[in-house]
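*Asks:* One structure coming up, written as structure tokens, with questions to follow.
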Amino acid sequence: MIRHRRRHSAYRNILGALAASATILLVTCAPAAAKVVHYRVDPDATQIVASVTEPLARIRGAASGSFTVLSGKIDGDTADPIANGHVEIVFDAKSFHSDNPKRDLRVTSDSLEAARFPVITFVSTRLEDLKWEVPGSDATATVVGNLTMHGVTREIRVPIDAIMSPDGKLSADGEVRFDFTEFGVAPPSALFGAIKSGTIADLNFRVIAVPAEKPRAPR
């Protein structure tokens, strides 16, 4: 499982997205004059993992699975990132993958109803509590935005740690917990419905973004 990271330490424990924190890092080392910057989320490097309590899970009574990111972008005015920073990230609802194919099918078909609601999106609305130890280095912030899944949109608040590497990559690590039944998602069940999972999802992530003009690596 991905762990939340502060400075260069290991992860401390995946959404929606959430690479807006990368914009924060970018602007801390940018010139004072206004400048609009554009970054794209790297789907291959970004990791989003969701965990839910499950009585039959093999490890500590919790089942975890990952989602595939489809796209994401970051735009911001370097003169005023708090007011103008913006991020969007989209991931594939039917891509949920754990160590159990039957569970994957229950999650994507029965709970997320991915055939009807194929994507999950996060769109930031504001940034709060920006702090950094050294401008242009590690930073922390709270990203506030709208998470949409299963056709329902709710506001969530996501504390993050972020850093910009010497080669220009922006990295944001974080964790958010929410009750997915508030989005109309039914808890996955097993044994013909006799056993159900919990209703609280822990979404852990590492979002990686690169300059939008940088060419994509060949697959």
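The values are calculated or read from the model by the stated rules, or taken from the named source; none is laboratory data. The model shown is predicted, which means the values in this text are computed figures rather than measured ones. A quick note on method: Cβ atoms are made from the backbone with ideal geometry, for glycine too, and the neighbour counts reach across all protein chains shown.
*Asks:* Does the stretch 168-185 hold any residues that are among the acidic types (Asp, Glu) and part of a strand (DSSP E or B), and which are they?
*Replies:* Asp173, Glu175, Asp179
*Asks:* Moving to a separate point now. Being of a type in the set (Asp, Glu) and modelled with pLDDT of 90 or more is the filter here, so list the residues in the stretch 123-160 that pass it.
*Replies:* Correct list: Glu155 only.
*Asks:* Of the numbered conditions (1) buried (at least 21 other Cβ atoms within 10 Å of the Cβ); (2) at pLDDT below 85; (3) polar (S, T, N, Q), Thr53 satisfies every one except a single condition; which is it?
*Replies:* Among (1) buried (at least 21 other Cβ atoms within 10 Å of the Cβ); (2) at pLDDT below 85; (3) polar (S, T, N, Q), Thr53 violates only (1).
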